[in-house]
Amino acid sequence: MPTDLQADSTAENPFGEASATALLRFATAGSVDDGKSTLVGRLLHDSKSVLADQLEAVEHASRSRGQEAPDLALLTDGLRAEREQGITIDVAYRYFATPRRRFILADTPGHVQYTRNMVTGASTAELAVVLVDARNGVVEQTRRHAAVAALLRVPHVVLAVNKMDLVEYAEPVFAAIAEEFTAYAASLGVRDVVAVPISALAGDNVVVPSAHMDWYGGPTLLEHLETVPVGTDPSEEPARFPVQYVIRPQSEEHRDYRGYAGQLASGVLRVGDPVTVLPSGHTSTVAGIDALGRPTDIAWAPQSVTVRLADDIDISRGDLIAAGQAPVPTKDIVATVAHLNERPLRAGDKVLLKHTTRTVRALVKEISYRIDITTLEQRSGAEGLDVNDLGHVVLRTAEPLALDDYSANRRTGSFLLIDPSDGTTLTAGMAGEAFDTVRITTDDTVSGDEEDWV
Amino acid sequence: MTTATHRLLDTHESPFALSHLDALEAESVHIFREVAGEFERPVILFSGGKDSIVMLHLALKAFWPAPVPFALLHVDTGHNFPEVIAYRDRVVAQYGLRLHVAHVQDFIDDGRLRERPDGTRNPLQTVPLLDAIESNKFDAVFGGGRRDEEKARAKERVFSLRDEFGAWDPRRQRPELWSLYNGRHAVGEHVRVFPLSNWTELDVWQYIERERIELPEIYYAHERDVFARDGMWLTAGEWGGPKESEPVQRRLIRYRTVGDMSCTGAVDSHAATIADVIAEIAASRLTERGATRADDKLSEAAMEDRKREGYF
């Protein structure tokens, strides 16, 4: 029969009132068979974000594969090749909502090209869910996931200890894994770690509190996602405004209008604020701010606005309007990078570097060392970086760039390296050193011993 | 144009918190401006449906007080709702936009396309679309696609490079990190840009309500002659429906999506206002496409397969 929306109006509303809520972007990471697709399916299903026709499709597909119960992993494996192979091959983005919050989930596959995918998902995430199998505990892959979350400066990390049903919901099993992981993450500089014992398959503590784990007093995974503080306080950061586009209507009504369009990367801008334009170093004051058609006195990250300045100075796309402590433009960049492409990155390579709204030519002067993502050892003498490698590089650019350290600003501290011949994205870069609380040496006496990191 | 009222929510956390609509709007505006800054000949795909209307609204805000620096492109299947064409022409005139129209009918008339036995022209749009992109040398093409629409779309990038055949290869996509979009492409290639990637159907409607955006009337409940086919109400028209076995009846309906008349289904509805529509969608147990799109039901990978060929 034709769809009748009216007939469904008594169904439970998955979105609560259609009111404005905050947005949380988060990423998931898990090894093969840790049950990540099932967890994501469970989160979507139990938060009532899966609609009847989607569930019907999953039930149909599960039956045709000979499975008795609907396989929730099929909700997320979107591509033909993924369904055929039963694996997830690329980052996918999922959307769901509760009355308290809207969620954007970067669903990152754990096994094939794990580093590249997780780096991609983590780059925009404010929270990362690291999944482990309760039977296996913290394994090499778990350490990688923790390290990538720390490297990308994801502010919040959740350890989801899955398959608790297979260890008799035993508290000591969970406690040991949580303790080991939390200590490791803390050593990497991750400030906020919350551990939740779950069974994605059975639904324990994902959305609904588990009846099998009375000993656990913390939130369910979803409760934590709904309540974790979102965003940073822009008033505590210096203002950074990369100029995207110059707006000059030259119409009758706006003859002298000259506005700099952009999105605040950090901080707060007010009319009257003194600013510095980089890399030129010219100074001026904010004469006006237009918030997409409406004048305003104040704007803050991550709003997209148009800024007018008191002085008529030469500003174009790629410039940075900065208030407060301004970065010193430089042509010499040291950075931690994640190499994303099959084509290796070598010292001497000429590349393009995209930083905020500016793209410049750059030379890879030196590949200082490769980072072993499992042990965090520096391997110096690396010939180059291969796909999924993390490393430390020195770059020289053709024009000065106004970079912040990535540890201080994820937006003005990040950049891409691009192959000038065909435009391929090669490498993701983070200005500055990798981890701020760990100082790693190449001294053989400490290498490879996991105890040093626990 | 109406302007946004910035609602400060989660005030217990920060006075600078943005609502999800403000955050999505800021991100989409950023995407429009990146394209304006980096491409030579961008164009906005405009069907007169709610997603392309929201896209245009965001573009108007992104470049205010200057005009939108892009033209519009409408791929016309010939199976149009007259209300939608009237709306399209009204908007074009109101904002002084340039409109390109690629007609599927032209391609059928000169033999480059053949009418399908089922009469559906939606899949036929790909050829005129790619032809318009090539002949106008468009290098960036904005589409209103959202990742929440379909699981293959969940894998789509915001900037999606298409080869000289317009093809999408999901296994060879550029990784997309932070808000650093890579739009580099060779001559003959183009980039599909999806500024609404992170929006859901409900976000779109909430935004339409907040911004008081006018839509074609067919989005609201109205009486219409329809007949049942494949579990949907289709509009009687000159495109090949109804058959003799499909009795026509007059019903109170509305459209949840707008597309080719031959494959876009209506839903029974009393929703006469935006608030009614939002309440209805929030309570619905069916996805937008599951409820109203016949062409997505063709196979488990229908969308992926069409996208590989250059469809949006």
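For chain B, the square roots a ≥ b ≥ c of the C-alpha gyration tensor eigenvalues yield an a/c of 1.5 or more together with a/b not exceeding b/c, which makes the shape oblate. For chain B, averaging the sequence separation of C-alpha pairs within contact (under 8 Å, six or more residues apart) and dividing by the residue count gives a relative contact order of 19 percent.
Relative contact order of chain A, taken over Cα pairs closer than 8 Å and 6 or more residues apart, is 12 percent. Multiplying the residue separation of A:Glu171 and A:Val387 by 0.36 nm and subtracting their alpha-carbon distance yields 73.8 nm. Only one residue of B:Gln206, B:Ala279, B:Val104 has its Cα farthest out toward the positive end of the dipole of chain B, where Lys and Arg carry +1 and Asp and Glu -1 on Cβ, and that residue is B:Gln206. Each peptide in B:217-230, A:96-109 was scored by the mean count of other Cβ atoms within 10 Å over its residues; highest first, the order is A:96-109, B:217-230. With the cut-off at 1.5 for a/c, could you classify the range B:23-181 from its C-alpha gyration tensor as rounded, prolate or oblate? Oblate.
Scoring B:136-145, A:201-210 by mean Cβ neighbours within 10 Å over their residues and listing the highest first yields B:136-145, A:201-210. Rolling a 1.4 Å probe across the protein heavy atoms gives chain B an accessible surface of 36 Å² per residue. Over the residues of the protein assembly as shown, the helix contribution to mean residue ellipticity at 222 nm works out to -6500 deg cm²/dmol, using -39500 (n - 2.57) for each DSSP H run of at least 4. The magnitude of the dipole of chain B, with charges of +1 and -1 set on the Cβ of Lys/Arg and Asp/Glu and taken from the Cα centre, is near 280 debye.
Simple point charges give the picture: +1 on the Cβ of Lys and Arg, -1 on the Cβ of Asp and Glu, and for the range B:149-280 a dipole about the Cα centre of about 540 debye. Do any of A:Lys48/B:Lys151; B:Lys50/B:Lys151; B:Lys50/B:Lys137 go past 22 Å between their Cα atoms, and which? Pairs exceeding the cut-off: B:Lys50/B:Lys137. Just give the residues from the range A:282-322 buried by at least 30 square angstrom of accessible area in the all-chains context relative to the isolated chain, probe 1.4 Å, and say none if nothing qualifies. Listed in order, they are A:Leu292, A:Gly293, A:Arg294, A:Trp300, A:Pro302, A:Gln303, A:Ser304, A:Arg317. Annotation: lysines with alpha-carbon distance below 24 angstrom to B:Lys243 (same-chain offsets under eight excluded): B:Lys297. Per-residue mean of foreign Cβ neighbours for A:21-27 is 4 (Cβ atoms of other chains, 10 Å radius).
For chain A, the calculated P(r) over all alpha carbon pairs, in 10 Å bins from 0 to the bin holding the longest distance, is 4, 18, 26, 24, 18, 8, 2, 0 percent.
Our estimate of slack between B:Asp118 and B:Asn136, defined as 0.36 nm per intervening residue step minus the Cα-Cα distance, is 3.4 nm. Within 10 Å of the Cβ of each residue in B:148-156, the mean number of Cβ atoms contributed by other protein chains is 6.
Phi angles across the range A:158-169 convert, under the Karplus curve 6.51 cos²θ - 1.76 cosθ + 1.60 with θ = phi - 60°, into 3J(HN,Hα) values of 10, 8, 9, 8, 8, 6, 4, 4, 8, 10, 6, 6 Hz, Gly and Pro given as x. Surface composition of the protein assembly as shown: carbon and sulfur atoms hold 48% of the protein heavy-atom accessible area at a 1.4 Å probe.
The range A:298-348 gives an Rg/Rh value of 1.10, both radii derived from C-alpha positions and Rh following Kirkwood.
Summed for both chains, how many Å² of accessible area, to the nearest 100, are buried between A and B with a 1.4 Å probe? Approximately 7900 Å² gets buried when A meets B.
Rounded to whole numbers, the Karplus 3J(HN,Hα) couplings from phi for the range A:357-373 are 9, 10, 10, 10, 6, 8, 10, 7, 6, 7, 9, 5, 6, 9, 9, 6, 5 Hz, using 6.51 cos²θ - 1.76 cosθ + 1.60 with θ = phi - 60°, and x at Gly and Pro.
Normalised per residue, the accessible area of the range A:210-300 is 44 Å², obtained with a 1.4 Å probe and no contribution from ligands, DNA or RNA. Charges were assigned to the Cβ only: +1 to each Lys and Arg, -1 to each Asp and Glu. The resulting dipole of the range B:180-252 about its Cα centre is roughly 180 debye. Taking amide H as placed 1.01 Å from N in the peptide plane, B:Ser269 has its amide H under 5 Å from the amide H of B:Ile253, B:Arg254, each at least 5 places away in sequence or on another chain. Sequence-distant or interchain residues sharing an amide H contact under 5 Å with A:Phe96, placed H: which? For A:Phe96, whose amide H was placed from the backbone, the distant partners under 5 Å are A:Phe103, A:Leu105. Less than 5 angstrom separates the built amide H of A:Leu201 from those of A:Lys163, all sequence-distant by 5 or more or on a different chain. Shown for the range A:384-431: residues covered by the partner protein chains by 40 Å² or more of accessible area relative to the chain by itself (probe radius 1.4 Å), namely A:Arg411, A:Leu416, A:Gly423, A:Thr425. A simple packing score, the average count of other Cβ atoms within 10 Å per residue, orders the peptides B:179-186, A:23-30, B:244-251 as A:23-30, B:179-186, B:244-251, with the highest score first.
The values are calculated or read from the model by the stated rules, or taken from the named source; none is laboratory data. Note that the structure is predicted; figures quoted are calculated from it, not measured. Ideal geometry is used to build each Cβ from the backbone, glycine not excepted, and the neighbour counts take in all protein chains shown. Please note that ligands, DNA and RNA were not included when accessible areas were found on the heavy atoms of the full protein model with its side chains. Shrake-Rupley method; radii C 1.70, N 1.55, O 1.52, S 1.80 Å.
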